[in-house]
Amino acid sequence: MTAPRTDRWSSGGAYESYIGRWSRLVAPEFLAWLDVPHGRRWLDVGCGTGALTEAILERCEPRSVVGVDPSEPFIAHASAAIADVRATFVVGSAATTGLDDAAVDVGVSALVLNFVPDLGDALAEASRVVSPGGEIAGYVWDYAEGMELLRRFWDAAVAGDPDARALDEGVRFVSAAPDRLAAAFRAAGLTGVDVRPIEVPTAFTDFDDLWTPFLSGTGPGPAYVASLAEPARNALRERLRASVAAEPDGSIRLVARAWAVRGRRPE
């Protein structure tokens, strides 16, 4: 039986062990690519547990960073984890941040653009709150192919439950592709639009390190696992185990590819 299409985002700690730890590896590469001058005001849309905000604080010498996310538990997690006085975390959405016009110089997002109900509305809001000439950018996983952890998981899920294909993030998030991201940014009136891949290693100490985060219920894959009866859940676990090759020491090494996109609000 297939779970309803509901993405649960109820635990910051669970998200960290599931996907957040890999987003933290992409963030430095993403920020190096943007190469924003120091002293700028930043907005982190869909800040989640604060992985990208933390990287901005560590690497970009910002004047300030506002993290916005619709999940109160995630905002609470980020607020508790990041004590830097330059960072502020508030509940809000990509389409309704609550910020004033031209309140920031840079608007970024990590693993969010594919989840927003209307990407055009989100980019319109970003264009409103970012100052003229400011940067708007983000990154999303290559769900269809290059984010190997999720690709292996959904392939194993669909092999045992063909109806799970409707929940497969590679099927759901067709916008998470370079041509579609670039088209959306250009349609929003942004200039100098560019897209590039960012690949990072995802190393697991053993299969349990890979599988256990899928039992948390936080995120699309874990929400699907939570919907399964124990026999089906165990069968999925073994199909996934068979799909990943372990090193002699039991570790599993995969690759995670993200698509990064950037553009500028016209002067």
TODO: Please report how far the C-alpha centroid of region 230-267 lies from that of region 204-222, rounded to the nearest whole angstrom.
DONE: 10 Å
Task: E58-A229 pseudo-label distance in nm [points 7 Å out on the Cα-to-Cβ vector] - done: 4.5 nm
TODO: May I ask you to order 41-51, 63-73, 162-172, 242-252 by the average number of other C-beta atoms within 10 Å around their residues, highest value first?
DONE: 41-51, 63-73, 162-172, 242-252
TODO: Lys and Arg at +1, Asp and Glu at -1: add these up for the other residues within a Cβ distance under 10 Å of L52 and post the number.
DONE: -1
Open item on the list: For a Förster distance of 25 Å, can you work out the FRET efficiency between the beta-carbons of D163 and R196, rounded to the nearest 0.05?
Closed with: 0.10
Task: Separation in nanometres of the label points that stand 7 Å from Cα toward Cβ, at W33 and V90 - done: 2.9 nm
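Taking all pairs of different Cα atoms in the chain, averaging 1/r and flipping that mean, what Kirkwood radius in angstroms comes out?
Working: mean 1/r = 0.0529 Å⁻¹.
Radius from the Kirkwood sum: 18.9 Å.
A124 to L215: FRET efficiency via 1/(1 + (r/R0)^6), r the Cβ-Cβ distance, R0 45 Å, to the nearest 0.05? Could the numbers behind the result be given before it?
On the way: r = 38 Å, r/R0 = 0.85.
Calculated transfer efficiency: 0.75.
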TODO: Count the DSSP beta bridges whose two residues both fall in the chain, then state the antiparallel fraction as a percent rounded to the nearest 5.
DONE: 50 percent
Open item on the list: Can you compute the charge dipole magnitude of the chain about its Cα centre, using +1 on each Lys and Arg Cβ and -1 on each Asp and Glu Cβ, nothing else charged? Give it in debye, rounded to the nearest 20.
Closed with: 260 debye
Open item on the list: Under 19 Å from a point placed 7 Å out from the Cα of D206 along the Cα-to-Cβ direction: which residues of region 221-252 have their backbone N that close?
Closed with: 234, 237-252
Task: Surface accessible to a 1.4 Å probe, D101 within the full protein complex, Å² - done: 110 Å²
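How much of the accessible area of the chain, probe 1.4 Å, is carbon plus sulfur, in whole percent? Walk me through the intermediate numbers first.
Details: 5790 of 11420 Å².
That fraction is 51 percent.
Just the number please: accessible area per residue for the chain, 1.4 Å probe, all protein chains included, in Å².
Numbers: 11420 Å² over 267 residues.
Solvent-accessible surface per residue comes out at 43 Å².
The values are calculated or read from the model by the stated rules, or taken from the named source; none is laboratory data. As the structure is a prediction and not an experimental result, all values here were calculated from the model. Cβ coordinates were reconstructed from backbone atoms using ideal geometry, including for glycine residues, and neighbour counts include every protein chain displayed. The accessibility values were calculated without ligands, DNA or RNA, using every heavy atom of the protein model including side chains. Shrake-Rupley method; radii C 1.70, N 1.55, O 1.52, S 1.80 Å.
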